[in-house]
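Visitor: First, the structure itself, so that you have it in front of you.
The values are calculated or read from the model by the stated rules, or taken from the named source; none is laboratory data. These numbers come from a predicted model, not from an experiment. All Cβ positions, even for glycine, are placed from backbone atoms using ideal geometry, and neighbour counts span all protein chains on display.
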Amino acid sequence: MKVTTFTDAMIKKLRPENKKYVRGEGNGFTIRVMPSGVKTWLYIYSFGDKRREMNLGGYPDVTLETARDKFMAAKRKVKNGLDPIAEKKAAVEALRNELTFHQLATEYIANNVEGQLTEKSVYDIKRVLLGSEKDGAVDDFKSWRSKKASSITAEDVAKLLKAVSERSAAAARNIIKTARPMFAYALPRGIVGENPFILASIKSFLSKPVRSKLEPTFKNRTLTEDEIRHVWNSLQTGKGSIEAKNALRLMLLTGQRPSEVLGLHSDEINGNWWTLPKHRTKARLDVKRADHMVYLVPESLQIIGMKSGLIFKSPAPAKIKPGEPAVIKPIAINALGHMLRANNYFGLPPWGAHDLRRTCRTFMSDIDGITTNAAEAILNHAKEGTKRNYDQHKYQRQIENALTLWRDKLVEIIGKPLVQDLPSNVIPIRGKSATN
């Protein structure tokens with residue numbers, strides 16, 4: 001390592017090379033230059049027979065004068081028998097241990113939620129952990145907002161869950177589902193000493209009836225043939241917009257997720273094929289996954305129509321910020337839930353939009369000519385085991401065949417044409433035909 005007296009002019013002239021390199025002024029005051037061109041001030045010293053490397057900040061944000069002051073202060077500590085790195089780490093940990101529940105929630109959402117989960121999931125997590133701004137909204141964590149996250153115990157959690165479960169067992173389970181990953185995020189970062197939302201620890205503070213309410217539920221609602229027929233016919237009437245009802249029809253016909261159907265854009269349709277962009281799917285972070293191809297039977301195309309832009313556009317007024325274009329959004333998933341509840345689930349036991357996807361997949365298992373591979377390809381589920389690496393087939397021919405057979409089964413169940421005004425001898429085509 002070359003030793004020289006640093007000057008601003010010299011530091012500016014340092015150019016990146018193929019490998020990182022360092023320049024030193026002596027006594028451990030050093031600057032590191034990376035191949036990317038990033039320059040970082042360092043204090044290199046020995047403490048307890050171990051080589052230590054303290055980051056003093058990046059240049060030019062940290063000037064030569066400031067970096068030298070930091071170096072001199074750290075050097076004095078070493079001379080007095082103190083390790084500046086250990087001291088700095090202890091100070092950071094002490095500061096992080098002071099985070100309140102609300103501060104932790106804000107950090108967790110910024111680092112591990114936003115930009116990584118679907119818009120609906122981000123909204124739900126924010127609503128639970130940060131509270132809703134809507135008038136009259138329930139904030140179950142209101143009394144915890146200014147409470148130190150590190151001071152929250154399993155007993156505190158048990159008391160909260162007991163109170164919430166008296167109002168809604170589902171809300172109590174949702175609190176566990178949402179808050180437990182946040183404390184799992186905080187644990188290795190030294191923000192908390194334990195995860196108080198581990199169910200095994202919570203249960204010891206609760207009675208058996210309350211514990212039973214907190215047991216995770218498994219969603220397995222599947223509509224029967226009679227229920228499918230009833231729902232399909234009931235969608236012609238009842239409360240709610242025609243767009244929302246058509247979105248439910250398309251979910252059943254294609255087996256796609258509610259958020260994926262609601263976000264459908266006319267640019268994604270080419271002939272009888274819908275190319276669902278990877279970034280709109282749950283596979284958006286999987287580097288081995290690609291855009292998802294969905295075959296659209298004639299009835300699906302008729303339901304979609306010839307609209308341009310978002311197919312299922314929200315009727316709510318577009319949000320307009322000063323100096324920016326209006327933001328047009330699709331129908332919200334929550335809006336579908338509100339519509340179903342407003343119609344008392346059309347006279348059936350409670351069901352949701354995602355149950356239509358499960359219904360589609362379940363019936364496909366009973367239709368001759370639809371293989372498991374084709375059914376799973378339609379749902380865009382990740383391939384398991386070695387298939388993930390070795391089976392690169394796109395299954396488009398099988399997807400087309402399976403969705404056509406499922407459409408035929410629906411016609412048999414409904415007992416009449418799925419879309420009344422679609423002539424049996426006409427196949428609507430949108431744009432150019434996709435090549436399979």
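Visitor: Can you tell me which residues in region 206-234 are outside any helix (DSSP H, G or I), surrounded by 11 or more Cβ atoms within 10 Å (Cβ to Cβ) and within 29 Å of the chain's Cα centre (by Cα)? Talk me through it step by step, then tell me what you get.
Guide: Our first condition is that a residue be outside any helix (DSSP H, G or I); within region 206-234, this holds for 206-207, 215-224.
If we keep only those that are surrounded by 11 or more Cβ atoms within 10 Å (Cβ to Cβ) too, we end up with 206, 215, 221-224.
Glu215, Arg221, Thr222, Leu223 - these are the residues of region 206-234 that are outside any helix (DSSP H, G or I), surrounded by 11 or more Cβ atoms within 10 Å (Cβ to Cβ) and within 29 Å of the chain's Cα centre (by Cα).
Visitor: May I ask you to verify whether Leu340 is at pLDDT 90 or above and either of a type in the set (A, V, I, L, M, F, W, C) or not in a loop (DSSP other than H, G, I, E, B) (or both)? Give the steps one after another, and end with the answer.
Guide: Values: at pLDDT 90 or above: yes; either of a type in the set (A, V, I, L, M, F, W, C) or not in a loop (DSSP other than H, G, I, E, B) (or both): yes.
So Leu340 passes the test.
Visitor: Are any residues in region 15-51 outside any loop (DSSP other than H, G, I, E, B) and at positive phi, and if so, which ones?
Guide: Keep residues of region 15-51 that are outside any loop (DSSP other than H, G, I, E, B), which gives 21-26, 29-33, 39-47, 50-51.
Across region 15-51, the qualifying residue is only Gly26.
Visitor: Any residue at all in region 238-260 that is in a helix (DSSP H, G or I), in contact with a helix residue (DSSP H, G or I) (Cβ under 6 Å, 6 or more places away or on another chain) and basic (Lys, Arg)?
Guide: Within region 238-260, one or more residues are in a helix (DSSP H, G or I), in contact with a helix residue (DSSP H, G or I) (Cβ under 6 Å, 6 or more places away or on another chain) and basic (Lys, Arg).
Visitor: Could you list, in sequence order, all residues of region 102-129 that are of a type in the set (Ser, Thr, Tyr) and assigned to a helix (DSSP H, G or I)? Steps first, answer last, please.
Guide: At the first step, the residues of region 102-129 found to be of a type in the set (Ser, Thr, Tyr) are 106, 108, 118, 121, 123.
Within region 102-129, Thr106, Tyr108, Ser121, Tyr123 qualify.
Visitor: OK, next. Just to be sure, is Ser201 among the polar types (S, T, N, Q), part of a helix (DSSP H, G or I) and closer than 28 Å to Leu348 by Cα? Explain how you work it out, then say what you get.
Guide: Working: among the polar types (S, T, N, Q): yes; part of a helix (DSSP H, G or I): yes; closer than 28 Å to Leu348 by Cα: no.
When the stated conditions are applied, Ser201 does not pass them.
Visitor: I would also like to ask the following. Mind counting the residues in region 52-86 that are in a strand (DSSP E or B) and closer than 13 Å to Ile11 by Cα? Working first, answer last.
Guide: So the first thing to find is which residues in region 52-86 are in a strand (DSSP E or B), and the list is 52-59.
Filter again for closer than 13 Å to Ile11 by Cα, leaving 58-59.
Qualifying residue count, region 52-86: 2.
Visitor: Right, something else. Considering only residues of region 140-159 that are exposed (fewer than 15 other Cβ atoms within 10 Å of the Cβ) and without any contact (Cβ under 8 Å) to a residue 40 or more places away in the chain, which is nearest to Pro330 (Cα to Cα)?
Guide: Looking at the filtered set, the residue picked out is Lys142.
Visitor: From Ile269, Ile333, grab the single residue that is in contact with a Lys or Arg (Cβ under 6 Å, 6 or more places away or on another chain) and either surrounded by fewer than 16 Cβ atoms within 10 Å (Cβ to Cβ) or at pLDDT 95 or above (or both).
Guide: Going through Ile269, Ile333 in turn, the sole match is Ile269.
Visitor: Say we look at region 23-35 and pick out the residues that are surrounded by 14 or more Cβ atoms within 10 Å (Cβ to Cβ) and of a type in the set (A, V, I, L, M, F, W, C); which of these is nearest to Arg68 (Cα to Cα)? Please lay out each step first, then the result.
Guide: If we filter region 23-35 for residues that are surrounded by 14 or more Cβ atoms within 10 Å (Cβ to Cβ), which is where we start, we get 23-25, 28-33.
Still in the running and of a type in the set (A, V, I, L, M, F, W, C): 29, 31, 33.
Numbers: Phe29: 8, Ile31: 11, Val33: 17 Å.
Result: Phe29.
Visitor: Quick check, is Thr153 polar (S, T, N, Q) and not assigned by TED's automatic domain parsing to the domain that holds Leu348? Steps first, please.
Guide: Values: polar (S, T, N, Q): yes; not assigned by TED's automatic domain parsing to the domain that holds Leu348: yes.
Yes; evaluated as a whole, the condition is true for this residue.
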